[in-house]
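So the structure is just underneath, and the comments pick up after that.
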Amino acid sequence: MLMNNGKVVQRDRNNYGTFPAWSSFIDNLLNEEFMVGKTGTYNRGISIPKVNIQETNEAYLLEMAVPGFKKADFVLDVANDELSISADIKSENSETESVFTRREFGYDSFKRTFNLPDTVESDGIKAKYNNGILSVVIPKKEEAKPKAPRTITIS
């Protein structure tokens, strides 16, 4: 199973096993000699940060790798059972002598949206940003948390 913009997608490994990954295809294309010196800003504005999502008994923990941002750059919104995380950095265009042959970091903007299950307490979502990682804690509702087993007495 894969997560695609917050949604679980099934993947049939038999059909895709022999084809290179899309990112490998792009890497190979950009490494071609004809692209040298022409890719200075090929990813400006379209970068999508990588996300880890972990489930515990108490909450879902979402970690997003977004180095280079400030805490104030992020906008987190919850609406219609969706959590949207976005950031937009206004970059100043200054002329420099350097030309990138490849540039893979330096997000200018992004937006990721995740569907929230009915079992979460969206009013209790908390986020923090530290060392390039945005951490979001999405607490579960009390009824969604696992209960300890109890013994039933026979009368």
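The values are calculated or read from the model by the stated rules, or taken from the named source; none is laboratory data. Quick caveat: nothing in here was measured; it's all calculated off a predicted structure. In this analysis, Cβ positions are derived from the backbone assuming ideal geometry, glycine residues included, and neighbour counts consider all displayed protein chains.
Brief remarks on what is shown
- Residues of segment 118-130 that turn out to be loosely packed, with under 12 Cβ neighbours inside 10 Å and either touching a residue at least 40 places away in the same chain (Cβ under 8 Å) or not in a loop (DSSP other than H, G, I, E, B) (or both), as a count: 4
- Residues that are assigned to a helix (DSSP H, G or I) and either hydroxyl-bearing (Ser, Thr, Tyr) or loosely packed, with under 13 Cβ neighbours inside 10 Å (or both) within segment 132-148 comprise Glu142, Glu143, listed in sequence order.
- Residues that are in contact (Cβ under 8 Å) with a residue 40 or more places away in the chain and not small (Gly, Ala, Ser), drawn from segment 132-155: Ile133, Leu134, Val136, Val137, Ile138, Pro139, Lys140, Lys145, Pro146
A quick yes/no check of all residues on (1) at pLDDT below 80; (2) among the polar types (S, T, N, Q); (3) loosely packed, with under 14 Cβ neighbours inside 10 Å:
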residue	(1), (2), (3)
Ile26	yes, no, yes
Tyr42	yes, no, no
Lys70	no, no, yes
Leu76	no, no, no
Ser84	no, yes, no
Lys90	yes, no, yes
Leu116	no, no, no
